[in-house]
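For reference, the structure is listed below as structure tokens.
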Amino acid sequence: MKLSWTAFQGDKRITGGSPAEVVTALKVRHVSGVLIFDDATGRLVDLDLRGDVEECLARLPKDDAGPVEPAERRPGRPKLGVVAREVTLLPRHWEWLNRQPGGASVALRKLVEAARAAGDADSQKRQAQEAADRFMQALAGDQPGYEEAARALYAGQADRFEGLTAAWPKDIRNHAIRLAKGAFETSGTERK
């Protein structure tokens, strides 16, 4: 996943985009005293903006390091990324797995994928809630209705959340709503 950052100066959104785009925009505009947020997590980014654009870009984190190759060859299908490991189950579990179409390995892979898919929606909702909450704590903690807005965020109440943030400075409100969007879309209470 590509990194996306947003920079604020006070209650004004200055720029957003990839880390390189944000750093370049800040350096070209000669902007200082900014808070930079990671859009995926809502966390503040600790970034050294001293020097010219090239020096700042050289200090950026690398977001596409690529897969790590194993040091030794092991059993499995390495071209597919399959890794052989030991699984300990009760005999009745092995019997059931072996009766499944494709055998135990196929059945286990299907079970894992189904569990991942079921958990992904909850995980994405939680990640959106946490990202929005971290951002709000940093820039909206002293805004009217902040605590109630945080409660609405975790309760999945999109309309209430937007209503409670309506009086906030426009850029802070819009960014909080943008970060919180996933919390409401996956909760079953999304807006129509």
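The values are calculated or read from the model by the stated rules, or taken from the named source; none is laboratory data. Since this is a predicted model, take the numbers as computed values, not measurements. The accessibility values were calculated without ligands, DNA or RNA, using every heavy atom of the protein model including side chains. Shrake-Rupley method; radii C 1.70, N 1.55, O 1.52, S 1.80 Å.
Below are the figures for this structure:
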item: Accessible area of segment 124-181 belonging to carbon and sulfur atoms, whole % at 1.4 Å probe; result: 43 percent
item: Nonlocal amide H pairs with ILE14, under 5 Å, H built at 1.01 Å; result: ALA7, PHE8, GLN9
item: Among the listed pairs LYS27/LYS62; LYS125/LYS170; LYS27/LYS181, those beyond 26 Å (Cα-Cα); result: LYS27/LYS181
item: Accessible surface of SER32 - all protein chains present, 1.4 Å probe, nearest 10 Å²; result: 80 Å²
item: For segment 1-63: rounded, prolate or oblate by the Cα gyration tensor [a/c cutoff 1.5]; result: oblate
item: Top of GLY102, GLY182, GLY156 by mean-square fluctuation, Gaussian network on the chain, Cα under 10 Å; result: GLY102
item: List LEU179, LEU111, ordered by accessible area with a 1.4 Å probe, largest first; result: LEU111, LEU179
item: Per residue value of the accessible surface for the chain (all protein chains in place, 1.4 Å probe), Å²; result: 66 Å²
item: Area of ARG13 that stays accessible when all protein chains are in place (1.4 Å probe, Å², to 10); result: 110 Å²
item: Prolate/oblate/rounded call for the chain, Cα gyration tensor, a/c under 1.5 rounded; result: oblate
item: Residues whose placed amide H lies under 5 Å from that of ALA40, excluding near-sequence neighbours; result: SER4
item: Calculated from backbone phi, Karplus (6.51, -1.76, 1.60) coupling profile of segment 166-171 in Hz, x at Gly/Pro; result: 4, 7, 6, x, 3, 5
item: Helix-only CD estimate at 222 nm, as mean residue ellipticity for the chain, using -39500 (n - 2.57) per DSSP H run (n ≥ 4); result: -16500 deg cm²/dmol
